[in-house]
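Since the structure comes first, as structure tokens, the remarks are kept for the end.
Just so you know, all these numbers are worked out from the coordinates, no wet-lab data involved. This is a predicted model, so every value here is computed, not measured. Positions of Cβ are generated from backbone atoms using ideal geometry, with glycine treated the same way; all protein chains shown enter the neighbour counts.
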Amino acid sequence: MSPDSPAVLAEGLTKRFASFTAVDHLDLRIEKGEVVGFIGPNGAGKSTTIRMLCGLLRPSEGRASVAGFDVGRQPEEVREHIGYMSQKFSLYGDLTVRENLRFFAGIYRVPHHDLGERMRFAISMAGLEGREDVLVRTLAGGWKQRLALGCAILHRPPILFLDEPTSGVEPEARRRFWDLIHELAAGGVAILVSTHYMEEAEYCNRIALIDGGRLVAMGTPSELRQRSLGGDLFEVDCVPLGAALKALGSAQGVVEAAIFGDKLHIVLGQGGLSAEELPRFLAEREIRVGSVRPATPSLEDVFVRLVSTTRETRAAS
Ligand SMILES: Nc1ncnc2c1ncn2[C@@H]1O[C@H](COP(=O)(O)OP(=O)(O)OP(=O)(O)O)[C@@H](O)[C@H]1O
């Protein structure tokens with residue numbers, strides 16, 4: 001992989017199963033050291049995309065390179081340069097921690113002289129010191145999950161694909177797992193991680209939102225918030241609410257205004273009323289303003305909005 005080339009580059013990546021299109025002309029670019037969250041409803045095409053990028057499934061159309069290798073033509077080389085962890089963890093319950101690590105080191109062809117050091121690193125990363133000889137089936141979910149990650153990085157891959165790695169793991173262990181993901185990324189590893197947990201999207205550098213096999217949006221959490229709302233969200237504490245809503249509904253630069261409990265939520269776009277001008281604007285209309293505060297929409301709201309707007313646009317076209 002040349003120093004400037006992206007870790008992952010997909011262009012028009014498509015997978016059809018008979019007449020059904022599971023992944024539809026997907027473009028994706030992931031840089032070294034970047035954590036990209038892959039988010040989308042069930043059946044959106046996340047696992048199928050990840051399997052293609054791992055060289056496990058041949059694309060029907062389009063192309064992708066991973067670590068500089070073509071996933072369709074060089075799947076063996078791709079697999080040597082990646083770590084892959086699926087939600088099933090693929091560990092052997094009847095083997096010990098140490099035996100599992102040895103087994104995966106064999107699969108990944110870790111050189112014999114590196115084995116001791118790599119295994120020590122994986123054990124310490126997973127926090128499994130002292131448990132090397134414990135049978136894996138007796139470990140709690142969080143330990144298994146960290147061991148699975150340890151197995152997936154034994155050969156020091158520069159790119160990691162994690163397919164719902166935190167599924168079914170308790171919140172505390174999930175938080176620890178994300179610390180590990182960030183440690184790996186800080187060392188330059190590029191990571192694509194799919195998740196159903198919306199709060200985890202917040203931990204990613206960028207998010208790729210996918211629906212019906214197509215990329216709906218890609219950007220940092222704050223870019224996606226901006227894009228979904230068309231501006232910045234503010235919470236306005238004022239009375240009377242109805243009069244404020246009426247006044248702001250037709251004001252220039254107000255993208256959206258709605259009553260939210262006993263407050264007003266408004267979205268301010270570019271080139272109109274600013275948040276600083278808001279109190280005076282309302283006071284001139286005999287509306288008493290307590291406060292104007294920036295508000296942060298949840299990423300769940302952002303995704304629902306982006307997916308529904310995209311579905312409406314597609315249905316109309
Ligand atoms: N081998 C296959 N043959 C036929 N259809 C398939 C095959 N693999 C996946 N699909 C279909 O492709 C679509 C995308 O599946 P995929 O598993 O990629 O979605 P996902 O986003 O990972 O969903 P989930 O979050 O539920 O795992 C689904 O409708 C699925 O049923």
Specify the inter-centroid distance of the stretch 255-299 and the stretch 45-77, based on alpha-carbon positions, in whole Å. 47 Å
Over the stretch 226-299, what is the mean sequence separation of C-alpha contacts under 8 Å (at least six apart), divided by residue count, expressed as relative contact order in percent? 41 percent
Only helical DSSP H runs with n ≥ 4 go in: add -39500 (n - 2.57) per run for the chain, normalise by residue count and round the 222 nm mean residue ellipticity to 500 deg cm²/dmol. -10500 deg cm²/dmol
Give me Lys32, Lys15 ranked fewest to most by other Cβ atoms within 10 Å of their Cβ, as a rough exposure proxy. Lys32, Lys15
Extension length gain for Glu172 and Glu117 (0.36 nm per residue less Cα distance), in nm, is 17.0 nm
Among Ala44, Ala64, Ala243, which one shows the highest mean-square fluctuation when the chain is modelled as a Gaussian network with alpha-carbon springs under 10 Å? Ala243
Estimated distance in nm for a label pair at Arg311 and Phe260, the labels positioned 7 Å out from Cα along Cα-to-Cβ: 2.2 nm
Under 8 Å for C-alpha pairs, at least 6 residues apart: give me the relative contact order for the chain, rounded to a whole percent. 18 percent
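Using unit Cβ charges (K, R positive; D, E negative) and no other charged atoms, how large, in debye to the nearest 20, is the dipole of the stretch 53-109 about its Cα centre? Walk me through the numbers on the way to the answer.
Details: 8 positive and 7 negative charges, 12 e Å.
Roughly 60 debye for the stretch 53-109.
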Sequence-distant lysines (8 or more away, or on other chains) whose Cα lies within less than 19 Å of Lys246: Lys263
Any idea how far apart Asp179 and Arg102 come out in nm if each label point goes 7 Å out from Cα toward Cβ? 3.1 nm
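Among the GluC sites (Glu not before Pro) in the stretch 202-302, which ones are in a DSSP loop with at most 14 other Cβ atoms within 10 Å of the Cβ? Mind listing them? Mind showing how you got there, number by number?
Numbers: sites: Glu202, Glu223, Glu235, Glu256, Glu276, Glu277, Glu284, Glu286, Glu300; in loops: Glu202, Glu276, Glu277, Glu284, Glu286.
Within the stretch 202-302, the qualifying GluC sites (Glu not before Pro) (loop, at most 14 other Cβ atoms within 10 Å) are Glu202, Glu276, Glu277, Glu284, Glu286.
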Between Asp4 and Arg156, Cβ-based FRET efficiency (R0 35 Å, step 0.05) works out to 0.95
For the stretch 8-219, what number of Lys pairs, 8 or more residues apart or on separate chains, have alpha-carbon atoms under 23 Å from each other? 6
Test of understanding: in a Gaussian network model of the chain with alpha carbons linked when under 10 Å, which of Val254, Val36, Val193 would top the mean-square fluctuation ranking? Val254
Evaluate the charge dipole of the chain about its Cα centre and quote only its size in Debye, nearest 20, assuming +1 on the Cβ of each Lys and Arg and -1 on the Cβ of each Asp and Glu. 700 debye
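Once the other residues with Cβ under 15 Å from the Cβ of Leu282 are scored (Lys, Arg +1; Asp, Glu -1), what is the net sum?
So the environment of Leu282 carries a net charge of 0.
What FRET efficiency comes out for Ala243 versus Ser291 if R0 is 22 angstrom and r is the Cβ-Cβ distance? Round to the nearest 0.05.
On the way: r = 17 Å, r/R0 = 0.79.
Rounded to the nearest 0.05, the efficiency is 0.80.
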Who wins for biggest fluctuation among Ala148, Ala18, Ala190 in a Gaussian network model of the chain, springs between alpha carbons below 10 Å? Ala18
Pairwise label distance in nanometres, Phe17 with Arg280, each label 7 Å out on the Cα-Cβ vector: 6.1 nm
